[in-house]
Amino acid sequence: MAEVEFKSRILTLLEEDREFRMSVAGLVGYKEVLDRLAEHDRKFDEILARQEEHDRRFDEILARLEEHDRKFDEIVTTLREHSMRFEENSKMFDALDLKIQALGSRWGIFSEQAFREGMKNIVKQYFGGEVERWITDDEEGIVFGRPSKVEVDLIIKDGEHILVEIKSNIHRSSVSQLWREGLLYKKKKGITPKLAIISPFIEADAKEEAEFYAIALFTRTLV
């Protein structure tokens, strides 16, 4: 009964006592204000958290852009170095071509072996690498279609392996044989070699074959 009487008394005061009624209304409104402020604080904290996440992602993007700039600078530097080396090689190859032409014009007084030895010295001079003879057993017959011993000139320079065919006259069969020797070298050594042909005379169909297999040619005369 006390609770019922208390509620009745409260209702009576709200109806009859203006000051009491205003006080209660003020308290009720203050609570709503506090609740709203708490909600605003919560939303503001969410906004701050989102802003911090945006700042973090922006910093990551800046870091990636700086890394891309660094790699781009490295690529530009590498391209410049390659360009310089290409120009140096071009000069070297031009000089080599002139030597081949000179030997070719005097071919009548040279033997095949003399030509090969002369060209080896020239290759050493202009390529800066020793020409050695790579000799191996071709058990599977990759080069000649039957088991045989294979011999080919080899240059190793700056980590590059180059198989070289040095002959006074190049026929189409010599080109395809060099290509198969490259396959055998890769199988034996696990390294894909570059292929090159040095000769003062190369037949037209041999030239087409060399271009098909991407074999470098150093020659002056087509027959």
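The values are calculated or read from the model by the stated rules, or taken from the named source; none is laboratory data. The model shown is predicted, which means the values in this text are computed figures rather than measured ones. A quick note on method: Cβ atoms are made from the backbone with ideal geometry, for glycine too, and the neighbour counts reach across all protein chains shown.
Of the numbered criteria (1) in contact with an Asp or Glu (Cβ under 9 Å, 6 or more places away or on another chain); (2) of a type outside the set (S, T, N, Q); (3) at pLDDT 90 or above, the one Lys189 fails is (1). Of the residues in region 141-149, none is surrounded by 17 or more Cβ atoms within 10 Å (Cβ to Cβ) and out of contact with any helix residue (DSSP H, G or I) (no Cβ under 7 Å at 6 or more places or on another chain). Within region 139-151, can one find any residue that is among the hydroxyl-bearing types (Ser, Thr, Tyr), assigned by TED's automatic domain parsing to the domain that holds Ile202 and in a strand (DSSP E or B)? Yes: region 139-151 contains one or more residues that are among the hydroxyl-bearing types (Ser, Thr, Tyr), assigned by TED's automatic domain parsing to the domain that holds Ile202 and in a strand (DSSP E or B). Here Glu208 fulfils each of the conditions (1) surrounded by fewer than 14 Cβ atoms within 10 Å (Cβ to Cβ); (2) in contact (Cβ under 8 Å) with a residue 40 or more places away in the chain; (3) over 26 Å from the mean Cα position of the chain (by Cα) apart from (2). Condition check for Gly129 on (1) at pLDDT 65 or above; (2) more than 23 Å from Ala214 (Cα to Cα); (3) not in a strand (DSSP E or B): one failure, at (2). Only one of the numbered conditions (1) modelled with pLDDT of 65 or more; (2) among the acidic types (Asp, Glu); (3) within 24 Å of Phe212 (Cα to Cα) is not met by Asp97, and that is (1).
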